[in-house]
Structure formats: structure tokens, C-alpha cells
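*Asks:* Quick one: this structure, given as C-alpha cells, is what I'll be asking you about.
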Amino acid sequence: MDKSTSVTEIKGVGEKTCDLLAKLNIRSVGDLLAAYPRDYETYGELAEISRLSPGQVCAVHAAVSGIPNEKRTGKLHVLNMKVADASGSLQLTFYNMPFLKKALKRGGFYIFRGMVQSRGTSRIMEQPKIFSMEDYQKLTGRLIPRYSLTKGLTDNAMQKYVKQALSLCEFETEYYSRELLEKNQLLSEREAVEIIHFPNDYESMIRARKRLVFDEFFTFLFLMRKNKVFSDKLENRYRMPETVDTARFLECLPFPLTEAQQKVWAEIKEDLNSPYCMNRLVQGDVGSGKTIVAVLALLTAAANGYQGALMAPTEVLAVQHYETILGYVQKYGLIFRPVLLTGSMNAREKREACALIASGEANLVIGTHALIQEKVQYRSLALVVTDEQHRFGVRQREYLAAKGNAPHILVMSATPIPRTLAIILYGDLHISVIDELPAERLPIKNCVVNTSWRPNAYKFITGEVEKGRQVYVICPQVEGDTESEGGLSLENVVDYTEKLRGTLPSVIRIAYLHGKMRPADKKRVMEAFAAHELDVLVSTTVIEVGINVPNATVMMVENAERFGLAQLHQLRGRVGRGEYQSYCIFVSGDEKEETMERLKILNKSNDGFFIASEDLKLRGPGDMFGIRQSGAFSFRMGDIYADAPVLQLASEAVELLLQKDPELEKPENAALQKHLSAAAANSVDFRSI
């Protein structure tokens, strides 16, 4: 079989399992092999209870002592019991596992493995895994792959399917030259894929990972360099001198532009009236005022008789942009005639919007991917602004640009990327940075705590909700997975929501949000939170670019150690957007000193660029599994911060190839040409620019 073969050809994958795999976007053998482990578990030697340290995953051989205590809180069943060995005792807590009360015999010895936490002077394990001595010894010393799962799939099942796929799949010819592989010390593709799923040791896993990361970066950079729409200097067909409209708008605003905003606005004005088409990236922290700068650019286009388009990554955000700009029109008399275009609008609404766009009556079009649909025809599209540009694919931006005749392009990103990396990633885009927050913004108050602080956090959240404020709680996983959760102790949105409903006062309105929900359901929940019909939103990082809720004042991140600092900073930017003091609580399940010190960098600064550069200094490839970085450049495996050296290697390899054989016409590059053509056909997956 080859990579395009359906997963149904793998033994044990029936209709039900096929549906579960499809939830993870796994439909072919190639998809399965590319579903790399999210992490590895290592099973160490058994520890004495008296020597356990909080923040570490440990295994103890202990006997059940005392009588188990069980209680119900709403739908949540909690079972507490004590276990002991010769050195001391340990408390265990199990959620929704009432059967263990009978299964675990008093006086019986078992192996319990999980994250050790502290609660006062006591040591506890929540939801530990339970082993027999024989089963545990089989696992000791191995690297066991753990996958991103959905309910109904286990790690054992995934390992079995991947093993079959590896034994049966015929890989294509290696597409890199021997010279390139040797120069960059890369494994072959087949070796890398086999080892990443089933490494013999840590060192071989790191080598396999390097090859797969190089692949992602090389393919991405090659496609970007070949994308002439964004790399060539194009003649400016839409010269736009500044008009009185922008000056009047600035005078009307209740706040002055910061110096950083003024500098970036001056650069944009110069671009719009220069001989060449604008191709600019504006970077700036959440809340730095990128949107106002974009509105000024769009106002300049409208004042010169042209159309502008503003594309947002979510419908909720598109609607918020539309309502904000409509407010400016009504309050300040701006010349915008805006129209909204989103996928959820009915056929009549879309027809009416498209007619206004085609006639030119609408001089500002705000929307989502609906802006690039074939039916949408623009009369004089001269400026394209994409908000949170990393959420769009190469093709999507290309399609929107193609709606005009080489329009100006302005992309906005809240991702703090160090300049050295930005130059590689963005190619010939000119880069502007808004590195200053408006003076009226209250600095967010931060704290880094361990799990024993949760009761205090819940009291604080209750107090903020009673004041009329709203709260985000972030978890790293969507659903619980009993097989891997016990060892890794990761919080998930579904179970955590139930836990909060059983812990917080019943009058507090709580809901959850995650990326696997249907789009309509996600939109409904986000709109409800934005309208203050919900008090607490438990979510994965899907809210990173989702909504603007000035009333939200608390961001609590569970398992903060599992995220990159740059992403934690992005999440923090969801609060502090209104007039009220805001707070961010980073809860670490790992209490090791180096982990806590790394997280405390967030206490030192609210400057995303400083945080990103500090993160870059502190981390290496060994940290990469389990630490999730921002979706800014959503590579399957690579991370632009920790993998910066590999990014540099890939960039140099791409430049060399483009010098020697830009069209990949030489026989030795035939396999590479085929590989890159396939990647280009799916370039929407390269969502980073």
C-alpha cells in the first residue's frame, strides 16, 4: 500500500474506528503516519513515598490503607483513598471511577503512577494509573509514544495501527539529494517516520524529529519564495495620497496614537503612494492598536475612490470588526460604506452583499473566507488587510489578492516573532512593529502557582463574577483519555467544565469551547460569551484569536508548563482589553524549579518580544514534545522558536536550490518536484502566512 491508501485497509480499522480517526483528520495511511506522537512517556524505577517531590510523575508500590471516602458533587463522583509503603503515606483522588472502591482491596499492593502534587504538608496523586508489577516492569526504561486522541481511541490502538502502516506502506523515493542529507545531517524520510513513532532512545528521537521539522520548514519556505504574488516588486496601480479624512478621524478619536502607531502609520502612508505595491506585515502585541492603523489604511483607500477588504479568521471577530467600524461611521461621519460577508449568512443576504460589492457601492468589505468565494466580484479592490494572518493559507491570501489587480497587502499579527526569524519566515514582506501599548491600558497582574492554589483561584474567580466580570479557563486537551491522563495529569475542557460546575456557585454560567466542535456550535458559544450570557468559558487555545471581550478580567491557564511562553503571552492578551484591572493565573502541574522559573518570565514583562526571545534562550529540542507553541506558524512538528537553527538550515537549503534549479527541472530534483507539487496542492495546511 502507499500513503494514499485508506486507513480501512489496516487490520482492526472498521467503520466505527474509521469515524474516530476522521475526527483527527486521519483518513489515509499517510495521514496516520503523519499523526506524530504529541509526547513520550518514560516509566522510571519505583520510588519510595517519602522521597516523592511535587511536580514529578512518579510510580509507587503501595498498599491501600484505611477506608476509601467517596462523595458526589453534581455529576462528579470523587473517590479519595490513602495508600502507604514502609516510608510513608500518599493520598489518591479518582474522578468518576466509583468501581475502584471495590476493585482496590484494602491491604492489597498495587503500583500507582501519576503526577505528584502538594496540598499543605500532604502529597497527593489525582487520577493515577494502576499497574500490576508484571505489567509495569515491561514498560520500564522505554519511550512510549502518546498521541492526540479523541474519545474512543487509545494510545495502544494508535500504536498498533501505526506499526501495521509502517510494515505495509511503500515510501516514495527519497526526495532530497544525498548531498543535502549529509550536509544537514538528516535521516531519510522512512527512517525518521519509523523512529519518531517508536524511538529506541532519546537521541534517535531527536534526530528523527530534526528531519521532520526540516521537511516542514523547507516545504513552507520553498512555496513562499515561489509565490510571486508576495515576493515580486509590483507596480503600484493604486496610488493613494493622504486625504483630510484620516486627519479628521485622528482628531475625533478620544485618544492619541502612540509614537509606535504614528511611525507605522507613516510607513503605510508612504507605501500606499509609492511606485511599488505595498506588501507589509504589522506586528504588535494584542492591544497595541494594530486595528486602528489598519482602519486608517482602509479609510485612505475609500477616500481615493477604491475598495478595501478586511478578512478575519472567525465570524465572531469579523462581526466585531464590522460593528466597530460601523460605530466609527455613525459617530465620526467616516466615508465608509461597509458591508459584512460571512459563511453563515443566508442566500439572500449574500446576494445583496455581493451586489453592493460588485457595483462598488460598498467601499469596505469585512468578512471571513467568504470574501474569496468565486461569486464575490469586486469593482476596484485596492487594499487587502488580513487580521491574524497566520490563520490563512497561502492560497487563501492569493485568492483574495487575485480579486483585485495586484492590490496593496497589509497583514497584521499579534505573534511576537524575533526579527531574525521574521526575516526568514516572511521573505520580502516589509516588517513594521508596534512595540508600545496605549497609555490608558492597565498592566495585567500575573501569578504563577502550583495546583494546590486552585481553591484560592476558584474563590477569586467567584469574586470577579460577582462584580459582573467574566473569566477564561484554558486547558491543553479537549477530552480526557484515561490511558495517558493518569501519567501526564493533563486537564481537559470537557471534564474541567464539569469540575467547575460542581465547585463554583450554581448561579455562575459555565460553558466549554474547543476546536472539534461544529462551527455553528463554536460560533454560538463565542457569541454567548461576548454578549455576557456566560460568565466562565473553559476552552482550548481556540480562543487565541477568537473574540474581543473587554469585560473579561481573568485568564486562568491550567497545565501552563505545557505551553510555550509566546503562546501563554498570546492567551494573556484575551484579558486586559477593557477599563477594569485584569489578572492572569498560570497553574503549573510541574513544580520543578526550572519549570516555575521559566513561567515566572511572564511575571517580569508584558512585552511579547522580550518573552519570545527569553523563551528562545531557555529552550532546546529536548523541551519540544509536550510544550505547545503558538498557532502563529501552525506546523505539525516544527516550532519557530526552539527550532530556529533548523529553520536557518532549511532557509539556506531553499536559497541554494532556487539558485541552482529554480524550476526543479533537473533529473535529480524530479522526486523533490513531485513532493513539493503535492504540498502546494494542499498549501492551505501551511497556515502561517
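*Asks:* If you take the residues in segment 105-136 that are among the basic types (K, R) and in contact (Cβ under 8 Å) with a residue 60 or more places away in the chain, which one is most open to solvent (accessible area, probe 1.4 Å)?
*Replies:* By that ranking, first place goes to R119.
*Asks:* Here is a list: K82, K102. Which entry is at pLDDT below 90, among the basic types (K, R) and open to solvent by 40 Å² or more (accessible area, probe 1.4 Å)?
*Replies:* The conditions single out K102.
*Asks:* Next question, about the same structure. Please go through segment 14-57 and pick out each residue that is of a type in the set (F, W, Y) and surrounded by fewer than 18 Cβ atoms within 10 Å (Cβ to Cβ).
*Replies:* Within segment 14-57, just Y40 meets the criteria.
*Asks:* Do you know which of the residues in segment 569-589 that are open to solvent by less than 20 Å² (accessible area, probe 1.4 Å) and within 14 Å of V449 (Cβ to Cβ) is modelled with the lowest pLDDT?
*Replies:* Among those that are open to solvent by less than 20 Å² (accessible area, probe 1.4 Å) and within 14 Å of V449 (Cβ to Cβ), it is G589.
*Asks:* Since S167 meets every condition but one in (1) surrounded by fewer than 18 Cβ atoms within 10 Å (Cβ to Cβ); (2) within 32 Å of the chain's Cα centre (by Cα), which condition does it not meet?
*Replies:* Only one criterion is unmet by S167, namely (2).
*Asks:* Right, something else. Hand me the list of strands (runs of 3 or more DSSP E) wholly inside segment 65-157 holding 2 or more residues that are among the basic types (K, R).
*Replies:* The qualifying strands (runs of 3 or more DSSP E) are 109-119.
*Asks:* Going through E270, E323 one at a time, which residue ends up being open to solvent by 40 Å² or more (accessible area, probe 1.4 Å) and farther than 22 Å from N548 by Cα?
*Replies:* E270
*Asks:* May I pose another question? Confirm whether Y378 is touching a helix residue (DSSP H, G or I) at 6+ places or on another chain (Cβ under 9 Å) and surrounded by fewer than 16 Cβ atoms within 10 Å (Cβ to Cβ).
*Replies:* no
*Asks:* Which of the residues spanning segment 349-375 are over 23 Å from V329 (Cα atoms) and open to solvent by less than 10 Å² (accessible area, probe 1.4 Å)?
*Replies:* A370
*Asks:* Name the single residue that is nearest to V57 (Cα to Cα) among those in segment 451-482 being modelled with pLDDT under 90 and buried (at least 18 other Cβ atoms within 10 Å of the Cβ).
*Replies:* Here the answer is T451.
*Asks:* Pairs please, first residue from segment 451-465 and within 10 Å of T503 (Cβ to Cβ) and touching a residue at least 40 places away in the same chain (Cβ under 8 Å), second anywhere and open to solvent by 50 Å² or more (accessible area, probe 1.4 Å) and in a helix (DSSP H, G or I), Cβ atoms under 9 Å, 6+ apart in sequence or on different chains.
*Replies:* R454/T503; Y458/T503
*Asks:* Does L76 meet the test of being open to solvent by less than 70 Å² (accessible area, probe 1.4 Å), modelled with pLDDT under 90 and under 36 Å from the mean Cα position of the chain (by Cα)?
*Replies:* In short, yes.
*Asks:* Same structure again: Quick check on my filter: what residues within segment 636-646 are over 18 Å from the mean Cα position of the chain (by Cα) and closer than 25 Å to L32 by Cα?
*Replies:* Within segment 636-646, just V646 meets the criteria.
*Asks:* I would also like to ask the following. Just give me the residues in segment 590-604 being more than 19 Å from Q56 (Cα to Cα) and open to solvent by less than 20 Å² (accessible area, probe 1.4 Å), in sequence order.
*Replies:* Residues satisfying the conditions are I601, L602.
*Asks:* With the checklist (1) surrounded by fewer than 19 Cβ atoms within 10 Å (Cβ to Cβ); (2) at pLDDT 85 or above in hand, flag the one item G515 doesn't pass.
*Replies:* (2)
*Asks:* Can you say whether N200 is loosely packed, with under 14 Cβ neighbours inside 10 Å, out of contact with any His (no Cβ under 7 Å at 6 or more places or on another chain) and closer than 24 Å to P476 by Cβ, as far as the supplied structure shows?
*Replies:* When the stated conditions are applied, N200 does not pass them.
*Asks:* Name, by its number, the condition in (1) in contact with a Leu (Cβ under 6 Å, 6 or more places away or on another chain); (2) open to solvent by 20 Å² or more (accessible area, probe 1.4 Å) that does not hold for L281.
*Replies:* (2)
*Asks:* Next question. State which residue is nearest to G468 (Cα to Cα) when the search covers only segment 535-562 and only residues that are surrounded by fewer than 21 Cβ atoms within 10 Å (Cβ to Cβ) and at pLDDT 85 or above.
*Replies:* N551
*Asks:* Follow-up. Considering each residue of segment 361-388, count those that are of a type outside the set (A, V, I, L, M) and over 17 Å from M412 (Cα atoms), and give that number.
*Replies:* 9
*Asks:* Where in segment 158-268 are there helices (runs of 4 or more DSSP H), lying wholly inside it, with at least 3 residues that are closer than 30 Å to A406 by Cα and among the aromatic types (F, W, Y)?
*Replies:* 202-226
*Asks:* Could you give me the residue pairs with C-beta distances under 7 Å whose first residue belongs to segment 200-225 and is acidic (D, E), whose second residue is open to solvent by less than 40 Å² (accessible area, probe 1.4 Å) and outside any helix (DSSP H, G or I) wherever it lies, and which are 6+ apart or on separate chains?
*Replies:* E216/F635; E216/M637; E216/G638
*Asks:* With the requirement that a residue be more than 29 Å from Y580 (Cα to Cα) and outside any loop (DSSP other than H, G, I, E, B), what does segment 417-451 give you?
*Replies:* Across segment 417-451, the qualifying residues are R419, T420, L421, A422, I423, I424, L425, Y426, H430, I431, S432.
*Asks:* Another question, then. How many residues are at pLDDT 70 or above, open to solvent by 10 Å² or more (accessible area, probe 1.4 Å) and touching a Lys or Arg at 6+ places or on another chain (Cβ under 9 Å) when one looks only at segment 381-403?
*Replies:* Qualifying residue count, segment 381-403: 1.
*Asks:* Do you know which residues across segment 1-13 are outside any helix (DSSP H, G or I) and open to solvent by 90 Å² or more (accessible area, probe 1.4 Å)?
*Replies:* If the condition is that a residue be outside any helix (DSSP H, G or I) and open to solvent by 90 Å² or more (accessible area, probe 1.4 Å), then S4, K11 are the ones that fit.
The values are calculated or read from the model by the stated rules, or taken from the named source; none is laboratory data. None of the values given here were measured: they were computed from a predicted structure. Cβ: placed from backbone, ideal geometry, glycine included. Neighbour counts: every protein chain shown. Just the protein is used for accessible areas: all its heavy atoms, side chains included, with ligands, DNA and RNA removed. Shrake-Rupley method; radii C 1.70, N 1.55, O 1.52, S 1.80 Å.
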